[in-house]
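Colleague: Just dropping this structure here.
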Amino acid sequence: MIFVVELGKWGENMATKYTWKQISIKLSLCIAACLLIIGILYGLAMIFGERFFSIYSPFSKWISGAVGFVFSFAPFSMAEFILYGLILFAIGYIIFTIIRAFTRTQGKYNLLPCLLRLVLIASVLAAIFIVFWGLNYLAPPIEHKLGLAVEPQRESTLTAAAEWYAAQVNAEQNLIQRDADGAGEGGSFRDIALKIPEAYKNLIKAEPVFDGGALTPPKRVTNWLALSYARIAGIYVPI
């Protein structure tokens, strides 16, 4: 909340140096610059396709690995709490702006620059996400890299494939530790999470296309139910 108040004071100090119109123009130009960066990157990805991602994907993987390594000390997903912090900041800033608008005694309080500041923050965050990770959604389908042909199959073919995979799983069931009732003992979330980097290493040896840089254990998401209702299937930023 202190940061929200300080940001509001910064906005008022700006108003003493520039007119509201000048501030609005400056903020609008910054927003336009962020949107221009996003547009250019999207255009390059769409036009050059695989040639663009031959450069972007290694860069994105390196950034993801570096960020994941730096924040690997945290036992929880910091991205989740950053998300909550941004939501609280937006709510707090809106409330602060409304209060200042109704309690201001000198002159008229212009809401446009306040709204533009919020839009600018959102634009900067969106640009950062697109530059470092977001364009991966436009990357060529992974089946191309794996040399697989994705096409409709008959129901009998899918049934046979499901039965084959079920047989493979049943053949390996003796490797699973079980309790007295026969239920599998997978261990705690932390136990399973610590095994995943090694499993990914084995996967990368077989299929290098899955190499995503530094391998760190996945982190528990505390409020998974709320995130699922918000259509957020996971926290994709590696923190």
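Colleague: Compute the distance in nm between two label points, each set 7 Å from the Cα along the Cα-to-Cβ direction, one at I142 and one at I98.
Modeller: Roughly 4.4 nm, to one decimal.
Colleague: Here's a follow-up. Compare Y56, Y229, Y84, Y42 by solvent-accessible area with a 1.4 Å probe and give them largest first, with all protein chains kept in place. If you can, show how the numbers build up before the last one.
Modeller: Working: Y56 15, Y229 175, Y84 60, Y42 85 Å².
Solvent-accessible surface, decreasing: Y229, Y42, Y84, Y56.
Colleague: Okay, next question. Explain nothing, just compute: Karplus ³J(HN,Hα) = 6.51 cos²θ - 1.76 cosθ + 1.60, θ = phi - 60°, for every residue of segment 26-41 in order, whole Hz, x for Gly and Pro.
Modeller: Coupling constants for segment 26-41: 4, 5, 5, 5, 5, 4, 4, 5, 5, 5, 5, 4, 4, x, 5, 5 Hz.
Colleague: From the gyration tensor of the Cα coordinates in segment 114-155, what semi-axes in whole Å does the equivalent ellipsoid have, largest first, with each one equal to sqrt(5λ)? Before the final figure, lay out the partial values.
Modeller: Details: eigenvalues 304, 32, 4 Å².
Taking √(5λ) for each eigenvalue gives 39, 13, 5 Å, largest first.
Colleague: While we're on this one: Among the aspartates and glutamates, select those whose C-alpha is under 14 Å from the C-alpha of K201, and discard any that sit fewer than 8 residues away in the same chain.
Modeller: Answer for K201, where 14 Å is the Cα cut-off: D211, listed by chain and number.
Colleague: So if each residue of separation counts as 0.36 nm, and I subtract the Cα-Cα distance between A162 and I176, what length gain in nm does that give? Write out the running numbers ahead of the final one.
Modeller: On the way: separation 14, 0.36 × 14 = 5.04 nm, distance 2.07 nm.
Using 0.36 nm per residue and subtracting the Cα-Cα distance, I get 3.0 nm.
Colleague: While we're here: May I ask you to evaluate 6.51 cos²θ - 1.76 cosθ + 1.60, the Karplus curve with θ = phi - 60°, for each residue of segment 171-176 and list the ³J(HN,Hα) values in order in whole Hz, giving x for glycine and proline?
Modeller: Computed from phi, the couplings for segment 171-176 are 5, 9, 5, 5, 7, 8 Hz.
Colleague: Sticking with this structure for a sec: Divide the volume of the convex hull of the Cα atoms of segment 35-107 by its number of residues and quote the answer in cubic angstrom per residue. It would help to have the intermediate numbers written out before the result.
Modeller: Values: hull volume 11.8 nm³, N = 73.
About 161 Å³ per residue, rounded to a whole number.
Colleague: Right, another one. So what's the Cα pair-distance distribution over segment 89-179, bin width 10 Å, in %?
Modeller: In whole percents, the pair-distance histogram is 11, 18, 16, 14, 14, 14, 9, 3.
Colleague: By its C-alpha gyration tensor, with a ≥ b ≥ c as the square roots of the eigenvalues, how is segment 137-206 shaped: rounded for a/c under 1.5, else prolate for a/b larger than b/c, else oblate?
Modeller: Working: a/c = 2.86, a/b = 1.36, b/c = 2.10.
It is oblate, given that a/c is not under 1.5 and a/b is not larger than b/c.
Colleague: Grab the other residues whose beta carbon is less than 14 angstrom from that of G68, score K and R as +1, D and E as -1, and report the net. Let's see the in-between values first.
Modeller: Numbers: positive: K61, K219; negative: D211.
Net of charged neighbours comes to +1.
Colleague: Then there is this: So what are the ³J(HN,Hα) numbers for segment 197-207, from phi and the Karplus equation (6.51, -1.76, 1.60; θ = phi - 60°), rounded to whole Hz, Gly and Pro as x?
Modeller: x, 5, 5, 5, 4, 5, 5, 5, 4, 7, 9
The values are calculated or read from the model by the stated rules, or taken from the named source; none is laboratory data. Note that the structure is a prediction, hence the values are computed from the model and not measured. Glycine also receives a Cβ, built like all others from the backbone with ideal geometry; neighbour counts cover every protein chain displayed. Protein only, heavy atoms only, side chains kept; ligands, DNA and RNA dropped before computing areas. Shrake-Rupley method; radii C 1.70, N 1.55, O 1.52, S 1.80 Å.
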